[in-house]
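Asker: Before anything else, here's the structure in question.
The values are calculated or read from the model by the stated rules, or taken from the named source; none is laboratory data. Here the structure is a predicted model, which means the values were calculated and not measured. As a convention, Cβ positions derive from the backbone with ideal geometry for all residues, glycine included, and neighbour counts pool all protein chains shown.
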Amino acid sequence: MDLYTYILIWVCIFGLCLGSFYNVVILRSLSGESIVFPPSKCPKCNHKLYFWHNIPVLSYILLRGKCYFCKEKISIQYPIIELATMILFGLSFIKFGISYKTLFVLFWLSCLLIMTVTDIKEKLVDCNIAIAMGVSGIIYAWLINGWHGVLHSVLGMIAGILIMELVARSGFLIAKTRAMGEADTYVAGALGAMFGIFSITKVLLCSLIASAIFIIPVFLFNRFKQGDRLTCLLFIVFAFFTVLFKLCWQNYFMLILLVLSGIWLTYSVLKGMNNENNRNYLPYVPALSAAALYFIFV
Ligand SMILES: [Zn+2]
């Protein structure tokens, strides 16, 4: 076995173990407990776990997905996060090799993973994680390009915050509520610091596409169930123009139709938020994370 494969295997094992730790971070950032102090215990029966209950993935298989003491089902989230962390770590090493860029990428991917899961689960995001990601983005820019890099990074951060706040507050015009949570602004700022002023708009545009792929279908399905056919129809119109513009007619006429149907759709979606009794924001951190992932690797 050559050295490269050897290191890759250790990076993957490291990813598995950290993934296991991230599960604890996710669980306790939702419950507000300390990350370090209480030893790992079953969330149901509070029994302290033995060391062999904490082995990533393997323990889940050995215990057949049940608590050793009370037989309560263990969430499939645990092995999934562990495997996801392992895969992300492995891919980062393959892509960036032995460099300090890899270390930064591992840190960013970890932050994004934790925030994405808490956003999907409870629509709760720890803004401190986003702040840490932003600061590390500025440090990275300084290492790569010196003070010139810091300038780009800080400008990117400001742009990210401004654009996201503008989008979020546009909700007030129509629905008297923010279109997105405050955490999304923190994350957009962090991404601005990571990717710099010249890339942040592309990253945010990319997140829009990601949200169309991941979030909007679920959102539309709920709308359809509630009897709001118009928003669904508008979405189909918008998607139709997008495909046409991309595939055949890349001209201004199609672009205008695309933008108009997009504005109309956004208006309809935001207006719909006003009608609902339980106003909830779209979870947007997953889309931002997907865009960041795309820009890091592709
Ligand atoms: Zn238990």
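Asker: Name the single residue, out of those in region 30-40 being within 15 Å of the ligand (Cβ to nearest atom) and under 19 Å from G19 (Cβ atoms), that is farthest from the chain's Cα centre (by Cα).
Answerer: P39
Asker: Can you tell me which of (1) more than 20 Å from P286 (Cβ to Cβ); (2) within 16 Å of the ligand (Cβ to nearest atom); (3) not charged (D, E, K, R) is the one L27 doesn't meet?
Answerer: So L27 meets the others, but not (1).
Asker: Now, a different point. Within region 72-82, which residues are of a type outside the set (G, A, S) and either near the ligand (Cβ under 10 Å from one of its atoms) or surrounded by fewer than 18 Cβ atoms within 10 Å (Cβ to Cβ) (or both)?
Answerer: So the first thing to find is which residues in region 72-82 are of a type outside the set (G, A, S), and the list is 72-74, 76-82.
Answer for region 72-82, where residues must be of a type outside the set (G, A, S) and either near the ligand (Cβ under 10 Å from one of its atoms) or surrounded by fewer than 18 Cβ atoms within 10 Å (Cβ to Cβ) (or both): E72, K73, I74, I76, Q77, I80.
Asker: Restricting attention to region 14-40, which residues are free of Cβ contacts under 8 Å to residues at least 24 places away in the same chain and surrounded by 13 or more Cβ atoms within 10 Å (Cβ to Cβ)?
Answerer: Of everything in region 14-40, those that are free of Cβ contacts under 8 Å to residues at least 24 places away in the same chain and surrounded by 13 or more Cβ atoms within 10 Å (Cβ to Cβ) turn out to be F21, V24, L27, R28, S40.
Listed here are the residues, each with its yes/no results for (1) modelled with pLDDT of 90 or more; (2) touching a helix residue (DSSP H, G or I) at 6+ places or on another chain (Cβ under 6 Å); (3) of a type in the set (A, V, I, L, M, F, W, C).
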site: I55; (1), (2), (3): no, no, yes
site: Y60; (1), (2), (3): yes, yes, no
site: K66; (1), (2), (3): yes, no, no
site: P79; (1), (2), (3): yes, yes, no
site: L88; (1), (2), (3): yes, yes, yes
site: S92; (1), (2), (3): yes, yes, no
site: F104; (1), (2), (3): yes, yes, yes
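Asker: Could you check region 180-190 and list, in sequence order, the residues that are farther than 13 Å from A132 by Cβ and either of a type outside the set (G, A, S) or over 17 Å from the mean Cα position of the chain (by Cα) (or both)?
Answerer: M180, E182, D184, T185
Asker: For region 60-71, which positions are among the aromatic types (F, W, Y) and within 8 Å of the ligand (Cβ to nearest atom)?
Answerer: Y68, F69 - these are the residues of region 60-71 that are among the aromatic types (F, W, Y) and within 8 Å of the ligand (Cβ to nearest atom).
Asker: Evaluate the following for I131: is it more than 16 Å from the ligand (Cβ to nearest atom), among the aliphatic types (A, V, I, L, M), surrounded by 14 or more Cβ atoms within 10 Å (Cβ to Cβ) and without any contact (Cβ under 8 Å) to a residue 40 or more places away in the chain?
Answerer: Considered against the rule, which asks whether it is more than 16 Å from the ligand (Cβ to nearest atom), among the aliphatic types (A, V, I, L, M), surrounded by 14 or more Cβ atoms within 10 Å (Cβ to Cβ) and without any contact (Cβ under 8 Å) to a residue 40 or more places away in the chain, I131 comes out as no.
Asker: Of everything in region 144-176, what is under 20 Å from W264 (Cβ atoms) and in contact with a helix residue (DSSP H, G or I) (Cβ under 9 Å, 6 or more places away or on another chain)? Give them in sequence order.
Answerer: Within region 144-176, V167, A168, S170, G171, L173, I174, A175, K176 meet the criteria.
Asker: Quick check on region 41-59: of everything there that is assigned to a helix (DSSP H, G or I) and within 14 Å of the ligand (Cβ to nearest atom), which residue is surrounded by the fewest Cβ atoms within 10 Å (Cβ to Cβ)?
Answerer: My answer is H53.
Asker: Taking the options M1, M86, name whichever one is outside any loop (DSSP other than H, G, I, E, B) and either surrounded by fewer than 17 Cβ atoms within 10 Å (Cβ to Cβ) or more than 16 Å from the ligand (Cβ to nearest atom) (or both). Quick ask: steps written out before the conclusion?
Answerer: Values: M1 fails: outside any loop (DSSP other than H, G, I, E, B).
None of the other options fit; the residue is M86.
Asker: A further question follows. Which pairs do you get when a residue that is of a type in the set (D, E, K, R), found in region 182-200, comes within reach of a residue that is crowded, with 23+ Cβ neighbours inside 10 Å and part of a helix (DSSP H, G or I), reach meaning Cβ atoms under 6 angstrom, with the pair 6+ apart or on two chains?
Answerer: D184/M164
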